Amino acid sequence: MAVVGSALAVAAAGFAAPAATAAPQGITVEKVTVNGGKAVVLGTTAAKTFKVSVTAATDSAITESSIDLYGPDANSATSQGNESCTFANGKSTCTATFTIDPDTDFYDNSAAGGWYVNALLSSDTDSVYAEKTGAFKVQRESKLTVNASPEPIKKGKTLTVTGALTRANWETHKFSGYTKQSVTLEYKKKGASAYSAVKTVKSDTKGNLKTTVKATADGSYRWSFAGNSTTPAVKAAGDAVDVR
């Protein structure tokens, strides 16, 4: 995404310096929350709107603020001055709303990964510029499919489990295969409450998955991907197998 003109420089220019006779009060950023603490996961076309809040210890209310987000390769987003701040018990919390649209904001997939928050906060007597005061991830949405066959199957026979791991491609605006990734096959016996790992395989050059297991009892199989900095974890819906 092309660099969006930052509101920080404009805001900084408009902040008045504290009066020489004013007692220093200080502003200390204590907490930054992005999207409720979750990564911002984007598909191929739909925009994502989320909130960023910055909480600081201060002796008086924040009167002006600017919050901006920056990512890899000069990707950035600005709240365009829509911050709102509240003050109580020596704490000020400023919140801004952001919208990122992969269909229009990103030219390629380089925006996926670690992003950070810059905040400029000012009270009547003091101001602070907190660079990289918070961190979060922008990720490419992932999907997993599974199919176990043949069904039904006789006990002791070989069952083939296939599937595909794909993720959003912001260049083509389609989901494409995620290659050479470790994906775990999991099994849950009928009546059990949880899945257990069976084996781990790697996706091929098109993101496809394939392995074989011996059929032992009625149950469900699914693929599970642990995720990484650019791609969220995902689990396929279980495919039930009737073993006779």
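Couple of notes before you dig in:
- Looking across VAL161, VAL234, one residue alone is under 23 Å from ARG140 (Cβ atoms) and of a type in the set (A, V, I, L, M). It is VAL234.
- Residues located in the stretch 40-61, provided they are touching a strand residue (DSSP E or B) at 6+ places or on another chain (Cβ under 7 Å), assigned to a loop (DSSP other than H, G, I, E, B) and surrounded by fewer than 17 Cβ atoms within 10 Å (Cβ to Cβ): ALA47, ALA61
- Just one of the listed residues (ASN118, ASN109, ASN208) is touching a residue at least 40 places away in the same chain (Cβ under 8 Å) and farther than 30 Å from VAL54 by Cβ, namely ASN208.
- Residues located in the stretch 185-209, provided they are surrounded by fewer than 17 Cβ atoms within 10 Å (Cβ to Cβ), under 17 Å from ALA240 (Cα atoms), under 31 Å from the mean Cα position of the chain (by Cα) and of a type outside the set (A, V, I, L, M): LYS188, SER193, SER196
- If only residues of the stretch 161-175 that are in contact with a strand residue (DSSP E or B) (Cβ under 9 Å, 6 or more places away or on another chain) and open to solvent by 40 Å² or more (accessible area, probe 1.4 Å) are counted, the one that is farthest from ASP242 (Cα to Cα) is LYS174.
- Residues of the stretch 130-146 classified as open to solvent by 70 Å² or more (accessible area, probe 1.4 Å) and in contact with a Ser or Thr (Cβ under 9 Å, 6 or more places away or on another chain), total: 3
- Single residue of ALA192, ALA135, ALA96, ALA164 found to be outside any strand (DSSP E or B), among the small types (Gly, Ala, Ser) and either free of Cβ contacts under 8 Å to residues at least 12 places away in the same chain or out of contact with any helix residue (DSSP H, G or I) (no Cβ under 9 Å at 6 or more places or on another chain) (or both): ALA192
- Residue check: THR93 meets all listed conditions (1) within 30 Å of THR166 (Cβ to Cβ); (2) at pLDDT 95 or above; (3) among the hydroxyl-bearing types (Ser, Thr, Tyr) but one, namely (1).
The values are calculated or read from the model by the stated rules, or taken from the named source; none is laboratory data. As the structure is a prediction and not an experimental result, all values here were calculated from the model. Because the Cβ atoms are built from the backbone with ideal geometry, glycine has one as well, and the counts that use them run over all protein chains shown. In case anyone asks, the SASA skips ligands and DNA or RNA and just uses the protein heavy atoms, side chains included. Shrake-Rupley method; radii C 1.70, N 1.55, O 1.52, S 1.80 Å.
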